[in-house]
Every structure is written in structure tokens, then in C-alpha cells.
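Structure, as C-alpha cells:
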Amino acid sequence: MPTFTETRNDKKISAVDTRGELIIMWKMTDFMISTDRSLLDFNVIHKFISTESYWGVGRSREFMEKAMDNSAYCFGVYQESNGTRKQIGFARVVSDITTFGYIADVFVLGDYRGKGIGKWLIQTIVNHPDLKTLKRLTLFTETPDFYGDSMFRVFDQNSQLKFMERNIAN
């Protein structure tokens, strides 16, 4: 169980878990975002990414478990109602927590889209105390306009610096 280290208020609750990882919960009306891995519903995450996402169709449970275990932070999005909590979204960040971060596997379930929850999730990530000072925070997307409010820009391919990738065939 987390040990709380900061004063609670109506927007943000901070804690440190037994592994020393910073856990933060953000609340907005009936919704919550948390970095507490013990709250994640792996079945919801795996089902969406492996069957509904354009980027991860067919991913195995083992693949997803390893990806999540090796991420610096996993952000769960939840709806809280009548004493129950339901996972409705997710994102993870791969990072050295010093210079670079990569946001991956971002989703909000279809019934909850169009309510500002996805934008709130991205704002929460970019303002996280361990991530907001990174020199570079990156992501890949087919919907670049969605991320504009959070100051993400399409990398300039005409720049002297080139975004590169090493693609390993499966």
C-alpha cells in the first residue's frame, strides 16, 4: 500500500509505493488518472491494444506484460461511480527520467471519447513531476492534431537532424 508523502487536495494526491516509485492520482469529477500499477486492469489494456488499436493488433499477453513492466510509468484512466472503479484508458512512458521519454499505447475506450479525457491524460503525462523537465518527449501517431494542445509537433523532416528508427522484422 502506498505511503502518502504530500498533502492531499481535490485535484492531486501523491504517494510513494514500497518500491520507491512516485505514485500520483489526479481527479476530475467522476474520473481519475493514476500511476499506481496495482490499479491497472491488464485484461482491459491487453484486449484494447491487441484487438482494437491500429498499432498493436495481435500483441501477446507476454509481450504487453514485458512492455509495461519495463516502462518508467503506466498511467491508468478510471471512471469511479457508486464505489466502483472501471478502467477506461491507458498510456505508458518509456524513459530514463532524465533526458528522454517516449509515450506509447495511448487509448481511451470508445464510449468515453469526445469528453476531453484523452487530452487530460496527455496533459497529465507532460506535467508529471518526473517527466515535465525531459529534454525530449516523443510519440508516434496517426492523429497528430490531437496532441497539438500539449505542444507536440510533427518532427521536421527537412531539418538537419533526422528522426530515425531501426525496424526489426518479426
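Rolling a 1.4 Å probe over the protein heavy atoms of the range 21-145, with every protein chain left in place, gives an accessible area that is 49 percent carbon and sulfur.
Considering only Cα-Cα distances, which of the following residue pairs are longer than 24 Å: LYS115/LYS135; LYS86/LYS119; LYS47/LYS132; LYS27/LYS66; LYS86/LYS132? Those over the limit are LYS115/LYS135; LYS47/LYS132; LYS27/LYS66; LYS86/LYS132.
Per residue, the range 27-157 exposes an accessible area of 55 Å² to a 1.4 Å probe, with every protein chain left in place. Note that the range 136-142 has calculated 3J(HN,Hα) couplings of 9, 10, 10, 6, 10, 7, 9 Hz, one per residue in order, obtained from phi through the Karplus relation 6.51 cos²θ - 1.76 cosθ + 1.60 (θ = phi - 60°); glycine and proline are x.
What does the charge count around MET64 come to, taking other residues whose C-beta lies under 11 Å from its C-beta (Lys +1, Arg +1, Asp -1, Glu -1)? Within the 11 Å Cβ shell, the charges total +1.
For the range 51-60, backbone phi angles converted through the Karplus equation (6.51, -1.76, 1.60; θ = phi - 60°) give residue-by-residue couplings of 10, 10, 7, 7, 9, x, 4, x, 4, 7 Hz, Gly and Pro being listed as x.
The values are calculated or read from the model by the stated rules, or taken from the named source; none is laboratory data. Keep in mind that what you see is a predicted model, and the values were worked out from it rather than measured. Every residue, glycine among them, receives a Cβ derived from its backbone with ideal geometry; neighbour counts consider all protein chains shown. Accessible surface is based on the protein model in full, side chains and every heavy atom, while ligands, DNA and RNA are left aside. Shrake-Rupley method; radii C 1.70, N 1.55, O 1.52, S 1.80 Å.
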